[in-house]
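Q: Following this message is one structure expressed as structure tokens.
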Amino acid sequence: MSNIINSGAVIYGQNRTDQSVNTLIPRNKFNFTVEITYLGGATDSRTTLKLDRISEIQMPGHSVKTQTLNQFNKKRTIQTGIDYTPISLSAYDTRDGEIEKFLVGYNNYYYSSPMSDDYDFMRDDILAESFGGTTGSSGRGLNLNTDRYYIQNIKITRTSSTEDNNIIEIYNPIITNIQGDTLNYSESAPVQYRIDFTYEGYKTTTKTTTNSNTTP
């Protein structure tokens, strides 16, 4: 039994006697920060939203699509592509409305309706004279914008020590689902928004201060 314990201590560096930071142990889940870079108020400008008040975010991943073919009497497996795994983020609905304002801006950029509808848009405009004319519009639907992506990237930074700096960058994310929390008189838990994203790619980089090595 002692041999197993000693082996684990060696593998994870628990038997080290020097004063340097132990970079061999696994990272903790709670050591992370999240930043979202998105379109600001001016044209072509970018704004960074630091999400300091979130409860969790899922790390990206991917699966490889394969196909099994016949080569005479043998089976051959070939790769046909990559599917990126959707991720989700849970953010607290704080009283300053930080995440709410971001979601309203996102929806207004693409649709000009979700989370910002009012009674004027919801009236029975099918019977209005302007609806069927040459300039008629219901004020709904997809907006055609110069920039396809409102969100440029999501950056997850994990720093457990001065010698461990891990950055995950998620490119061209698009929100696929926004789900509000359930209000309940019998609970005092904080209210959260759950946001699901799909994306077009991601990069993981680990940098250390002890050397200049970068692991892609």
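Q: Calculate one ³J(HN,Hα) per residue across the range 67-76 by plugging θ = phi - 60° into the Karplus curve 6.51 cos²θ - 1.76 cosθ + 1.60, and present them in order as whole Hz with x for glycine and proline.
A: 9, 9, 10, 9, 10, 6, 9, 10, 9, 10
Q: Given the Cα-Cα distance of residue 117 and residue 47 and 0.36 nm per residue of separation, how much length would full extension add, in nm?
A: That pair, residue 117 and residue 47, stretches by 22.7 nm at full extension.
Q: Separate question: Highest mean first, what order results for 183-189, 146-152 on Cβ atoms within 10 Å?
A: So the peptides 183-189, 146-152, ranked by packing, come out 146-152, 183-189.
Q: Here's something else I'd like to know. Between residue 95 and residue 28, what is 0.36 nm times their sequence separation minus the Cα-Cα distance? Round to one decimal in nm.
A: Gain on extension, residue 95 to residue 28, equals 21.2 nm.
Q: Follow-up. Using a 1.4 Å probe on the protein heavy atoms only, what accessible surface does residue 115 show? Give it in Å² to the nearest 10.
A: 80 Å²
Q: Another question about this same structure. Once the piece of chain linking residue 65 and residue 104 is laid out straight, how much longer is it, given 0.36 nm per residue of separation minus the C-alpha distance between them?
A: Between residue 65 and residue 104, full extension yields an extra 10.5 nm.
Q: How would the range 159-211 be classified by its alpha-carbon gyration tensor: rounded, prolate or oblate, with rounded meaning a/c under 1.5 and the a/b versus b/c comparison settling the rest?
A: oblate
Q: Take 154, 82, 54 and sort them by solvent-accessible surface of the protein heavy atoms, 1.4 Å probe, largest at the top.
A: I get 82, 54, 154, largest accessible area first.
Q: Just reorder 10, 21 by solvent-accessible area, largest first, 1.4 Å probe, all chains present.
A: 10, 21
Q: Let me ask something else. By its C-alpha gyration tensor, with a ≥ b ≥ c as the square roots of the eigenvalues, how is the range 42-114 shaped: rounded for a/c under 1.5, else prolate for a/b larger than b/c, else oblate?
A: prolate
The values are calculated or read from the model by the stated rules, or taken from the named source; none is laboratory data. These numbers were taken from a predicted model, which means no experiment stands behind them. Note: ideal-geometry Cβ built from the backbone for every residue, glycine included; neighbour counts use all protein chains shown. When the accessible area is computed, the model is the full protein with side chains, heavy atoms only, and any ligands, DNA or RNA have been set aside. Shrake-Rupley method; radii C 1.70, N 1.55, O 1.52, S 1.80 Å.
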